[in-house]
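Heads up: the structure comes next, in structure tokens.
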Amino acid sequence: MKTKTSIRISTFLTAAAMALSMQTSLCAAAAPEAGQIPPLNSSNTQTPVGEITQNNIIYSIFDGNEAHVKDGSAASGTVQIPDAVYANGTYYIVKKIESRAFEGNDNITALDMQYASGLTDIEMQAFANCKNLETVALPFNVTINQFFAVAFSGCTSLREFVPTYGKNYFIESGIVYNKNKTQIIKYPPAKPDTSYTVNDGLTVGFNAFNGVRYLQNINVPTELNESTAGTILKKYNAILRQIENGNISINGVSIFTYSEDDSEEPQVNPVFRDVICSNLEFITSPSNQYAKHYANYVVKQIINDNDTDFIKALKLHNWLCERVNYDPVVSAAIARGETYIGEKKNHCDASAFLHYENASDSYSEAGYYTVCDGYSRAYKLLLNAAGVCCERVEAEPADGGKNGHAWSVVKLNAYDNAPDNDRCYYVDVTWDDNKNGWDYTYFMRSDNPDDFNHSSKYTNWHIVGNDENSKLSAIPEKTYSIKNLGDLNGDKNVTGADLVILRDYDNSSNWSDDQRANADLNFDGVIDDNDVQFLAEFVDARLGDINGSGTVDQDDYNSLANYLTGIGMVDYMKVAADVNMDGNIDNNDLEALKSLFGRSYGKVKYRFNEYCFDKIQQQIAE
């Protein structure tokens with residue numbers, strides 16, 4: 001195993017030793033963080049006249065004795081950029097490091113540019129995602145602008161910059177400022193200090209604090225109290241929204257608190273609650289960390305060790321519907337035909353956990369609010385915390401309308417414990433939530449338009465999987481539906497004929513994927529006697545009671561006789577009409593029905609979906 005070497009820049013080799021030999025190792029580049037980096041606009045309009053390779057770094061050379069660092073992907077260890085490179089009797093002054101020259105190189109640990117006196121430009125993403133880069137010595141004449149930090153985006157191990165000052169910058173405690181120290185340019189993400197003091201009037205450059213890992217407290221010159229908390233969060237949001245550590249404080253006062261094992265409900269400090277709940281965009285990153293902790297807390301409270309993935313999905317679906325309401329301000333805007341641009345408080349992970357509104361003219365009752373994006377983000381966090389694969393789905397309106405939509409795709413354990421047979425379902429918690437509680441109209445559905453009408457309403461569906469929990473990268477090729485549970489013969493009804501098939505589950509290797517998926521009635525990942533019993537109870541409690549009165553009698557006989565003469569029958573009544581369970585409704589059933597006269601069931605449900613949910617809810621209660 002390779003041992004990573006840590007070197008402080010102050011002990012770098014002198015210019016006379018720059019011919020240091022380096023081992024070649026190319027590491028695949030990781031993509032820059034989405035939404036954080038502006039488009040690359042290289043200032044290089046010159047045409048190179050050749051290339052020079054020195055110490056595993058490729059330089060482009062230009063007329064006028066100028067060189068640019070083009071490719072450092074093969075460099076490793078301590079990388080030194082010289083003042084000039086030599087070829088064919090000519091010295092070429094190194095003036096620029098081009099975009100992505102070292103991007104994704106995990107083999108470099110230190111960077112020494114202090115002897116490159118002619119180096120003025122380090123382009124965006126030049127060292128992006130060099131995850132083991134720890135120390136950087138800047139050249140004296142390098143240009144420092146608001147996008148300088150982007151050159152080092154994703155350098156998660158970066159601890160410090162040196163030397164103390166240059167022509168266009170000032171460095172203090174390893175942090176890069178502009179020349180007059182009125183703007184912070186780049187705070188090293190791995191700087192071990194847990195506290196940072198902001199001088200009055202200091203502004204924050206683009207991505208200056210991106211990915212900061214250890215910072216826990218920010219000291220600000222303004223006295224902190226309930227009346228100033230909002231102003232402070234707004235003023236320093238450029239810092240707060242980039243810090244990865246969720247346990248952040250201001251002037252020693254914690255914004256969020258949560259127990260180490262997430263066994264206690266996370267809290268928002270009362271000093272900050274109002275401004276955070278209504279302005280989540282001011283502290284996005286720590287609030288999203290809070291949301292993850294809250295999801296873990298919820299899972300610990302309501303999920304049991306023996307819960308199947310399906311039951312977990314059901315419980316968390318219900319919890320989320322009970323927790324949050326759709327934002328009525330957004331509903332009103334959409335009803336007026338307006339394009340909803342979206343407030344960030346409705347479009348971050350913490351939305352369903354923290355967007356709280358007091359009762360007002362806009363909000364009829366106090367509570368938590370969000371929109372479809374917030375629902376889908378929260379559902380993903382909750383299911384991921386419970387160990388269930390869930391991703392967000394986004395789509396555009398198919399009719400060219402103004403507003404898109406977001407929902408979820410859930411992957412459940414295979415019916416035979418074979419990963420290749422895992423089943424994917426769509427869930428739209430937003431559309432299941434309603435003023436009277438919730439229902440399961442959009443719970444565990446397929447992309448069949450008859451089953452999930454999103455297929456006709458929306459287009460350009462795509463998975464939004466951009467974090468460490470993502471397990472699906474694209475829309476599943478096939479989705480299943482709880483609507484089809486128990487329908488093993490494909491006639492769109494659940495009858496005794498399906499029970500006959502299910503009882504022969506030992507021969508299920510000959511079944512289609514749909515049959516196997518629809519036979520796992522209790523969603524425990526296997527097809528067994530428990531599923532047979534599940535379906536047998538449903539069929540046996542309905543057989544012959546065609547009109548649903550609770551008793552098998554002459555009226556049921558007349559209903560079946562009328563059906564056989566061409567009078568229609570509601571599909572769900574066919575559950576009881578196939579009395580001999582042969583898959584057909586005919587005169588044989590009419591004859592068999594006589595033997596059931598007088599049989600009493602009490603009030604029953606004919607739709608297997610409803611029966612399924614009742615049984616599962618009963619299991620949950622037990």
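Structure shown: which of Lys345/Lys478; Lys312/Lys574; Lys312/Lys435; Lys95/Lys131; Lys315/Lys344 lie over 30 Å apart, alpha-carbon to alpha-carbon?
Lys345/Lys478; Lys312/Lys574
Cβ under 12 Å from Thr53's Cβ, Thr53 left aside: what net charge do those residues give with Lys, Arg +1 and Asp, Glu -1?
Spelling it out: positives minus negatives among the neighbours equals -1.
If packing is taken as the average number of other Cβ atoms within 10 Å across a peptide's residues, how do 271-278, 181-188, 559-566 rank, most packed first?
Averaged packing, sorted descending, gives the order 181-188, 271-278, 559-566.
Mind checking the dipole of the chain: about its Cα centre, +1 per Lys or Arg Cβ, -1 per Asp or Glu Cβ, Debye to the nearest 20?
Result for the chain is approximately 3000 debye, rounded to the nearest 20.
Specify the inter-centroid distance of segment 540-589 and segment 200-254, based on alpha-carbon positions, in whole Å.
First find each Cα centre; the distance between them is then 70 Å.
Distance from the Cα centre of segment 97-145 to that of segment 469-526, in angstrom?
Here the two parts' Cα centres lie 56 Å apart.
What aspartates and glutamates does Lys234 reach when the alpha-carbon gap must be under 20 Å and sequence neighbours fewer than 8 apart in one chain are set aside?
Asp200, Glu223, Glu226, Glu244, Asp274, Glu281, Glu343, Asp349, Glu357
Quick one: Cα centre-to-centre distance for segment 151-167 and segment 373-402, in angstrom?
Going from one Cα centre to the other spans 37 Å.
Charges on Cβ only, +1 for Lys and Arg, -1 for Asp and Glu, centred on the Cα centroid of the chain; of Asn210, Gln46, Gly602, which one is farthest towards the dipole's positive end?
Farthest towards the positive end: Gln46.
Given Cα pairs under 8 Å that are at least 6 residues apart, what percent is the relative contact order of segment 189-275?
Here the relative contact order equals 27 percent.
Express the carbon and sulfur contribution to the solvent-accessible surface of segment 248-391 as a percent, rounded to the nearest whole number, probe 1.4 angstrom.
Carbon and sulfur atoms account for 43 percent of the accessible area of segment 248-391.
Can you pull the one-decimal nm distance between simple spin-label points at Tyr91 and Thr197, each 7 Å off the Cα toward Cβ?
4.4
Decide, for segment 61-191, between rounded, prolate and oblate: order the square roots of the alpha carbon gyration tensor eigenvalues as a ≥ b ≥ c, take rounded if a/c falls under 1.5, and otherwise choose prolate if a/b is larger than b/c, else oblate.
oblate
If I take R0 = 51 Å and measure r between the Cβ atoms of Glu264 and Lys492 in this structure, what FRET efficiency does the formula 1/(1 + (r/R0)^6) give, to the nearest 0.05?
Plugging the Cβ-Cβ distance into 1/(1 + (r/R0)^6) gives 0.60.
Express in nm, to one decimal, how much length is gained between Lys402 and Ala359 on full extension, taking 0.36 nm for each residue of separation and deducting their alpha carbon distance.
My answer for the length gained is 12.6 nm.
Could you work out how much longer the chain between Asn558 and Ala536 gets when fully extended? Use 0.36 nm per residue separation minus the Cα distance between them, nm to one decimal.
5.4 nm
If you take the charge dipole of the chain about its Cα centre, with +1 on Lys and Arg Cβ and -1 on Asp and Glu Cβ, which of Ala395, His317, Ala350 is farthest toward its positive end?
Of the options given, the answer is Ala350.
Given the peptides 432-442, 322-332, arrange them by the average over their residues of other C-beta atoms within 10 Å, most packed first.
322-332, 432-442
Would you kindly derive the ³J(HN,Hα) couplings of segment 350-365 from the backbone phi angles with the Karplus curve 6.51 cos²θ - 1.76 cosθ + 1.60 (θ = phi - 60°), listing them in order in whole Hz, with x for Gly and Pro?
7, 3, 5, 9, 10, 6, 10, 10, 6, 4, 7, 4, 7, 10, 5, 9
To the nearest 0.05, how large is the calculated FRET efficiency for Val464 and Lys594 if R₀ is 51 Å and r is the Cβ-Cβ distance?
The computed FRET efficiency comes out at 0.30.
Per residue, how much accessible surface does the chain expose to a 1.4 Å probe? Answer in Å², no decimals.
44
On a full-extension model of 0.36 nm per residue, what is the gain between Asn436 and Lys615, subtracting their alpha-carbon distance, rounded to one decimal in nm?
62.2 nm
For the chain, what's the relative contact order in percent, using C-alpha pairs closer than 8 Å and at least 6 residues apart?
6
Grab the other residues whose beta carbon is less than 12 angstrom from that of Val500, score K and R as +1, D and E as -1, and report the net.
-3
Treating the beta-carbon of each Lys and Arg as +1 and of each Asp and Glu as -1, no other charges, what is the dipole magnitude of segment 516-591 about its Cα centre, to the nearest 20 debye?
Dipole of segment 516-591, to the nearest 20 debye: 260 debye.
The values are calculated or read from the model by the stated rules, or taken from the named source; none is laboratory data. Since the model is a prediction, treat every value here as computed from it, not as a measurement. Backbone-built Cβ (ideal geometry, glycine too); neighbour counts: all protein chains shown. Keep in mind that these areas ignore ligands, DNA and RNA; they rest on the heavy atoms of the full protein, side chains included. Shrake-Rupley method; radii C 1.70, N 1.55, O 1.52, S 1.80 Å.
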